[in-house]
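First up is the structure itself, then whatever we jot down about it.
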Amino acid sequence: MKGIVKRLARECGFELAGIASPGAVPERLLPAARSVICTGKLYNTGADGRIISRYAQGLDYHDVVRAALDRLAARLKDEFGPFDCRVCVDTSPVPERALARRAGLGWIGKNTCLINQPMGSWFFLGELITSLDLEPDQPPPDRCGTCTRCIQACPTQALVPFEGRWTLDPRRCIAWLTIEHRGEIPDDLRPLMGTHVFGCDICQEVCPWNRRAPLTQDLAFAPRNTGLGLEDLAALDEDEFRRRFRPTPVWRTKHRGLLRNVKIALANSGR
Ligand code: B12
Ligand code: SF4
Ligand code: SF4
C-alpha cells in the first residue's frame, strides 16, 4: 500500500514522499487521522536569488502544491476507495518540517531547513492528513556533522543555539524582515540585508548538501520577472506591481512592503 502511495505521489509531481504518524496537531485538524502523507516538491530553477529568493520567483507554491495534493488525494481514492483527508500547505499549526523528518524525508539542518541527502533542501513541503492506515517511515540520521557553514554565512546571525540545537530567531532573519515584518526595519539590521528584497537563500546556498541538488522540472516555478533590477523594482507603480507579482509569493509584501525593502537594498548597494 505504501509503495502505491509513493508511486502516485511521484506521478502527481512530488520528488519526495513518506508517511508519518499523525500526532496531536493533525488529529485536531482531522479527528479520523491515522497517517500523514508528507511530500516534498523541488522548486529551485538555478536562478539568481540575491534580490528575490528562489522560492518566490515562480507561481505561488501554495496553489501549485495544493493542486498537486488534491490530485494525489483523487488518485488515492481511485485506488483505495473513499477515505477522509485534509490537505495542508504552510498551514501554520502544522509543524511541517518536524512531520517531514518523521516521515523520513530528511533531517532538520542547523539552518532549520529540512534537508534530504540526495535532493538538498530546495523543496516545498505539503501534507495529506488521511484516515488511511499506513505504516510510518523512519527519520533519517542528521548529516550536518561538524559543519557550521550556514551559521557563519548568515549575515544577521539569525541562527542561534537553543536547548542543545540550532534555531532561527525570526526577528533577525532577512526572510522574516522582508516578508512578514510590517513597519520600519530596525536601523542596525538594515545594512546587513544586502540586496534582498524578498526572502533570503544564503543559509541554503552555502549548504554542501545543495551542491549537487537537482533542479525542478516544473514550469510552474519558472522565474516570471527575470531581468528586473533594483531600480526597475523601485520604479514599479501599484498596477505594474499587481500585474507582475499577483500570481507569485511576492504579492504578500504588498507594493508598500516591497518599496520599503528596495529602498534599503539600493542604499546597501551604494545607490
Ligand atoms: C513562519 C515560517 C517562516 C518564518 C520563520 C519563523 C520560525 N521561527 O521558524 C520565516 C519568514 C523566517 C521563514 C523563512 C523561510 N522559510 Co518558512 N515557514 C514558516 C512556516 C509557515 C511556519 C514555521 C514555524 O511554525 N516555525 C516555528 C518553529 C518553532 O517550528 P518549525 O519551523 O516547524 O521547525 C522546528 C521544529 O521542527 C523543531 N524540531 C521538531 N522536531 C525536531 C527534531 C529534531 C531532531 C530537531 C533537531 C528539531 C526539531 O526544530 C525546527 C527548527 O527550529 C512553515 C510552514 C509550516 N507550517 O511549517 C514555512 C517553511 C518552514 N518555510 C519554508 C521556506 C522554504 C522558507 C525559506 C527558505 C524562504 C526564503 N527563501 O526566504 C526561509 C528559510 C529560513 C530558514 N533558515 O529556515 C519551507 C521549508 C522547506 C524546507 N525544505 O525546510 C516551509 C516548510 C514552507 C513549505 N510548506 O514548504 N519561514
Ligand atoms: S534565511 Fe538568511 S537571514 Fe535567515 S537564517 Fe538563513 S541566512 Fe540568515
Ligand atoms: S550548511 Fe552545514 S550545518 Fe548548515 S544545514 Fe548545511 S550541512 Fe548543516
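What does a probe at LEU228 reach in the stretch 191-211, counting residues whose amide N is under 15 Å from the point 7 Å along Cα→Cβ? It comes to 196-199, nothing else.
Residues ILE4, ILE108 in ascending order of nearby Cβ atoms (within 10 Å, fewest first): ILE4, ILE108.
Using just its DSSP H runs of length 4 or more, each adding -39500 (n - 2.57), the chain gives a mean residue ellipticity at 222 nm of -8500 deg cm²/dmol after division by all residues. The GluC sites (Glu not before Pro) found in the stretch 84-191 that occupy coil by DSSP, while having at most 11 further C-beta atoms within 10 Å, are GLU163, GLU184.
Under 11 Å from a point placed 7 Å out from the Cα of ASP90 along the Cα-to-Cβ direction: which residues of the stretch 149-186 have their backbone N that close? Zone members listed by number: 180.
Cross-link pairs exceeding 28 Å between alpha carbons, from the set LYS41/LYS254; LYS110/LYS263; LYS2/LYS110; LYS41/LYS263: LYS110/LYS263; LYS2/LYS110; LYS41/LYS263. Each Cα pair under 8 Å and six or more residues apart adds its separation to the average, and for the chain the resulting relative contact order is 25 percent.
Measuring from each cysteine beta-carbon in the chain, the ones with no other cysteine beta-carbon under 4.7 angstrom are CYS12, CYS38, CYS85, CYS88, CYS113, CYS144, CYS147, CYS154, CYS173, CYS200, CYS207.
Here, each number is a calculation from the coordinates, and none is a lab measurement. Computed from a predicted model, the values in this text were never measured in an experiment. All Cβ positions, even for glycine, are placed from backbone atoms using ideal geometry, and neighbour counts span all protein chains on display.
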